[in-house]
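Trainee: One structure is given below, represented as structure tokens, and several questions about it will come after.
The values are calculated or read from the model by the stated rules, or taken from the named source; none is laboratory data. Because the structure is predicted, anything quoted here is derived from the model rather than measured. A quick note on method: Cβ atoms are made from the backbone with ideal geometry, for glycine too, and the neighbour counts reach across all protein chains shown.
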Amino acid sequence: MDNETLEKIRKLTADYATQLPAKVRKIEMDWFGVKETGSKVLLERLIKNVHSLCGTAGTYGYTLVSEAARTIEQCLRKIESEGIVNQLELDDLIQDLNQLILIPLQKSIEQAPVINLNKEARLLYFVGREQDKFNKQIEPILQFNYALKLFTSVDEFIAAVHADKPDFILIDIELATKIPIETIRQFRDELVLVVYMASEDDLATRLFNVRHGGHALVTKPIDVDALLRILDNLFEARRPQNERILIVDDSIFLANYYAILLKQAGMITAKVIDARNFLSCLLEFQPDLILMDINMPFCTGTELAQVVHQQENLSGIPIIFLSSIVEKAVQLDVLSLAGDDFLTKPIEPAHLVAAVRNRLMRSRMLRARMMRDSLTNLYNHTMIHHHLEREMLMAERYKREMCVALLDIDYFKAINDTYGHQIGDKMLKELSLFLQKKLRKSDLIGRYGGEEFLVILPNTNMEAGIAIIDNLRERFSKISHKAGNKELFITVSGGIANYPRYDKVASLVKAADDALYLAKEQGRNRIVSMA
């Protein structure tokens, strides 16, 4: 944790310590009022303040105060629900709070792990016996911004991970039992992605993978395309993407504390202290995740979560509840209504960040599966169309040109009929990998349907667009492909059109499609532009 973040937390802790005696004094006064008047309004306010103290005190290191407040809250709730009161016991407990707040803090701030985004290549460590065979199988992924280190010794492998943390570890399941599960868990906690490799793909093997901390399982012999998709999806799901976290808590001390921790972990935060402002802030901020307190004035966090999930455009936002409620039955009731996860206050900084990251990672993986074509891992028809609409708006706003190309594998039906659909699928995957490797980072690619691929070239005029796409066509035609024991060369045809010549999505795609049809009519293996 950097010095600036530590200093911010120290200041928050000092501010909290300054106000803590007044909070305890308010609890004393409200308890005196409840004893004197029996007021239900005062009792509700007292329970709320004690509950808040339970969460905030533990967060800022006053563990004994938090535990005492939890006991007081349990006694007060008995009064609320059953009318049972032991005044002497509560007098003693509340009086103890004045002594407990004087005990010096012993809490240290645990650092949350940070992902290094500055490495030039994604680093993959492999530990297994068949080094030469594996190296030959996996070598093609080195073309896609991966670096590889091989290990036969488990001890050397573990030492290397500690010395230079990789992005991925790929473990041959035959050696996996020699690596302590605690070590794998430590790697996961440090944000290393764990993949196991096995000869079998049965339930027992997959259970082993799950029980030993695996994020994914691949089978021998290695299918490079499948492995690359798995690694890419895991990496993108883990990568911090300036996620937006909406913190909803009526305690300004807790909201500020969580905001500092999450900001230090690379996230963007917004805070709602008054629940009446929740909906307007939600719609304006558009969070990727909501961190929600449960017990608040005006309404509960559970009610707000249901408000979110009942709106179609918001229902996919994950919600993590944070509360000092420890009863499992209550936690399960809350989760059954609207939540995705439940964390009990106080929570360690690293645990909070890890919980938020893990939930975001699962959410991104789910969204990716909905957005991607399962065979090629490119954007599916719906998503590439969505990106095209967005890029056209950007081009219009900034007065830029852009091109759209439709590419189609020549004689694809004949390939399927002659060599089988498995080879046809292989050709589609190889073309998709080629396009991902050779196009610019700013370009977008999607599987538009069947053997058709749609390519978006932002900020590109027609002349440059034709040169880019035709160069891809020519280079791909020279690549040798395997179809069983046979060598196969395949070609692609393409049509290209540009904005602003065609200033609507439908007309732009139709122009590219018409140009593709002309390319087929003129003999295939060519790019035709629609001026």
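Trainee: Would you say Leu388 is under 30 Å from Ala69 (Cβ atoms), touching a strand residue (DSSP E or B) at 6+ places or on another chain (Cβ under 9 Å) and assigned to a helix (DSSP H, G or I)?
Mentor: The answer is no for Leu388.
Trainee: Let me ask something else about it. Confirm whether Leu261 is of a type in the set (A, V, I, L, M, F, W, C) and modelled with pLDDT under 85. Full working, then the answer.
Mentor: Values: of a type in the set (A, V, I, L, M, F, W, C): yes; modelled with pLDDT under 85: no.
Against the criterion (of a type in the set (A, V, I, L, M, F, W, C) and modelled with pLDDT under 85), Leu261 does not qualify.
Trainee: From (1) in contact with a Lys or Arg (Cβ under 9 Å, 6 or more places away or on another chain); (2) at pLDDT 75 or above; (3) within 30 Å of Thr18 (Cβ to Cβ), pick out the condition that doesn't hold for Leu124.
Mentor: Checking Leu124 against (1) in contact with a Lys or Arg (Cβ under 9 Å, 6 or more places away or on another chain); (2) at pLDDT 75 or above; (3) within 30 Å of Thr18 (Cβ to Cβ), the one that fails is (3).
Trainee: Checking Ala226 against (1) surrounded by 19 or more Cβ atoms within 10 Å (Cβ to Cβ); (2) among the aliphatic types (A, V, I, L, M); (3) in contact with a strand residue (DSSP E or B) (Cβ under 7 Å, 6 or more places away or on another chain), which test does it fail?
Mentor: That leaves (1) as the condition not met.
Trainee: Scan (1) farther than 21 Å from Tyr257 by Cβ; (2) in a helix (DSSP H, G or I); (3) not hydroxyl-bearing (Ser, Thr, Tyr) for the single condition Ile317 breaks and write down its number.
Mentor: If we test Ile317 against (1) farther than 21 Å from Tyr257 by Cβ; (2) in a helix (DSSP H, G or I); (3) not hydroxyl-bearing (Ser, Thr, Tyr), just (2) comes out false.
Trainee: If you check every pair at least six apart or on different chains, which have Cβ atoms under 7 Å apart with a residue in segment 408-430 that is under 18 Å from Ala226 (Cβ atoms) first and a residue that is surrounded by 14 or more Cβ atoms within 10 Å (Cβ to Cβ) and at pLDDT 90 or above second?
Mentor: Ile423/Ile415; Gly424/Phe412; Gly424/Ile415; Gly424/Asn416; Met427/Ile409; Met427/Ile415; Met427/Ile490; Leu428/Glu451
Trainee: Still on this model: Can Glu348 be described as out of contact with any strand residue (DSSP E or B) (no Cβ under 7 Å at 6 or more places or on another chain), farther than 27 Å from Glu67 by Cα and of a type in the set (Asp, Glu)?
Mentor: Working: out of contact with any strand residue (DSSP E or B) (no Cβ under 7 Å at 6 or more places or on another chain): yes; farther than 27 Å from Glu67 by Cα: no; of a type in the set (Asp, Glu): yes.
Considered against the rule, which asks whether it is out of contact with any strand residue (DSSP E or B) (no Cβ under 7 Å at 6 or more places or on another chain), farther than 27 Å from Glu67 by Cα and of a type in the set (Asp, Glu), Glu348 comes out as no.
To keep it simple, each residue is scored yes or no on (1) closer than 17 Å to Ile138 by Cβ; (2) not polar (S, T, N, Q).
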{"residue": "Asp164", "(1), (2)": "no, yes"}
{"residue": "Ile179", "(1), (2)": "no, yes"}
{"residue": "Arg185", "(1), (2)": "no, yes"}
{"residue": "Glu190", "(1), (2)": "no, yes"}
{"residue": "Leu193", "(1), (2)": "yes, yes"}
{"residue": "Ser199", "(1), (2)": "yes, no"}
{"residue": "Gly214", "(1), (2)": "no, yes"}
{"residue": "Glu243", "(1), (2)": "no, yes"}
{"residue": "Ile247", "(1), (2)": "no, yes"}
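Trainee: Any idea which of Lys438, Lys429, Lys478 is in contact with an Asp or Glu (Cβ under 6 Å, 6 or more places away or on another chain) and within 23 Å of Ile141 (Cα to Cα)?
Mentor: Answer to the selection: Lys429.
Trainee: Go through (1) under 28 Å from Leu343 (Cβ atoms); (2) assigned to a helix (DSSP H, G or I) and name the single condition Gly61 misses.
Mentor: (2)
Trainee: Would you be able to tell me the number of residues in segment 264-293 that are touching a residue at least 40 places away in the same chain (Cβ under 8 Å) and surrounded by fewer than 20 Cβ atoms within 10 Å (Cβ to Cβ)? Working first, answer last.
Mentor: From segment 264-293, those touching a residue at least 40 places away in the same chain (Cβ under 8 Å) are 264-267, 285-293; that's our starting set.
Going one step further and asking which of them are surrounded by fewer than 20 Cβ atoms within 10 Å (Cβ to Cβ), we end up with 266, 285-286.
Going through segment 264-293 one residue at a time, the tally reaches 3.
Trainee: Next question. Looking only at segment 504-531, which residues are more than 14 Å from Met462 (Cβ to Cβ) and under 40 Å from the mean Cα position of the chain (by Cα)?
Mentor: Our first condition is that a residue be more than 14 Å from Met462 (Cβ to Cβ); within segment 504-531, this holds for 504-507, 509-510, 513-514, 516-526.
Within segment 504-531, Lys504, Val505, Ala506, Ser507, Val509, Lys510, Asp513, Asp514, Leu516 meet the criteria.
Trainee: Consider Met394 against the criteria (1) within 24 Å of Val192 (Cα to Cα); (2) assigned to a helix (DSSP H, G or I): it satisfies all of them except one. Which criterion is unmet?
Mentor: The number of the failed condition is (1).
Trainee: Still on this structure, please answer the following. Regarding Gln74, is this residue out of contact with any Cys (no Cβ under 7 Å at 6 or more places or on another chain), assigned to a helix (DSSP H, G or I) and at pLDDT 80 or above?
Mentor: On the way: out of contact with any Cys (no Cβ under 7 Å at 6 or more places or on another chain): yes; assigned to a helix (DSSP H, G or I): yes; at pLDDT 80 or above: yes.
Yes.
Trainee: So Asn277 passes all but one of these: (1) touching a helix residue (DSSP H, G or I) at 6+ places or on another chain (Cβ under 6 Å); (2) modelled with pLDDT of 90 or more. Which condition number does it fail?
Mentor: Among (1) touching a helix residue (DSSP H, G or I) at 6+ places or on another chain (Cβ under 6 Å); (2) modelled with pLDDT of 90 or more, the lone unmet condition for Asn277 is (1).
Residue-wise test of (1) touching a strand residue (DSSP E or B) at 6+ places or on another chain (Cβ under 6 Å); (2) touching a residue at least 24 places away in the same chain (Cβ under 8 Å); (3) surrounded by 18 or more Cβ atoms within 10 Å (Cβ to Cβ).
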{"residue": "Ile47", "(1), (2), (3)": "no, yes, yes"}
{"residue": "Gly61", "(1), (2), (3)": "no, yes, yes"}
{"residue": "Glu67", "(1), (2), (3)": "no, no, no"}
{"residue": "Thr71", "(1), (2), (3)": "no, no, no"}
{"residue": "Glu80", "(1), (2), (3)": "no, yes, no"}
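Trainee: On the basis of being part of a helix (DSSP H, G or I), free of Cβ contacts under 8 Å to residues at least 24 places away in the same chain and within 26 Å of Met267 (Cβ to Cβ), does Arg10 make the cut?
Mentor: Details: part of a helix (DSSP H, G or I): yes; free of Cβ contacts under 8 Å to residues at least 24 places away in the same chain: yes; within 26 Å of Met267 (Cβ to Cβ): yes.
It is true that Arg10 is part of a helix (DSSP H, G or I), free of Cβ contacts under 8 Å to residues at least 24 places away in the same chain and within 26 Å of Met267 (Cβ to Cβ).
Trainee: What number of residues within segment 475-493 satisfy the criterion of being over 19 Å from Ala414 (Cβ atoms) and either modelled with pLDDT of 95 or more or within 38 Å of the chain's Cα centre (by Cα) (or both)?
Mentor: Going through segment 475-493 one residue at a time, the tally reaches 1.
Here's the yes/no breakdown for (1) crowded, with 18+ Cβ neighbours inside 10 Å; (2) in contact with a Lys or Arg (Cβ under 8 Å, 6 or more places away or on another chain):
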site	(1), (2)
Arg473	yes, yes
His481	no, yes
Gly494	yes, yes
Pro500	no, no
Lys510	no, no
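Trainee: Restricting segment 397-407 to residues that are touching a residue at least 24 places away in the same chain (Cβ under 8 Å) and outside any strand (DSSP E or B), which is farthest from Ala483 (Cα to Cα)?
Mentor: Step one: list which residues in segment 397-407 are touching a residue at least 24 places away in the same chain (Cβ under 8 Å), which gives 400-407.
Now drop any that are not outside any strand (DSSP E or B), which leaves 400-401.
On the way: Arg400: 43, Glu401: 40 Å.
Checked segment 397-407; the qualifying residue farthest from Ala483 (Cα to Cα) is Arg400.
Trainee: Now, a different point. Take Lys220 and decide whether it is free of Cβ contacts under 8 Å to residues at least 24 places away in the same chain, of a type in the set (D, E, K, R) and surrounded by 17 or more Cβ atoms within 10 Å (Cβ to Cβ).
Mentor: When the stated conditions are applied, Lys220 passes them.
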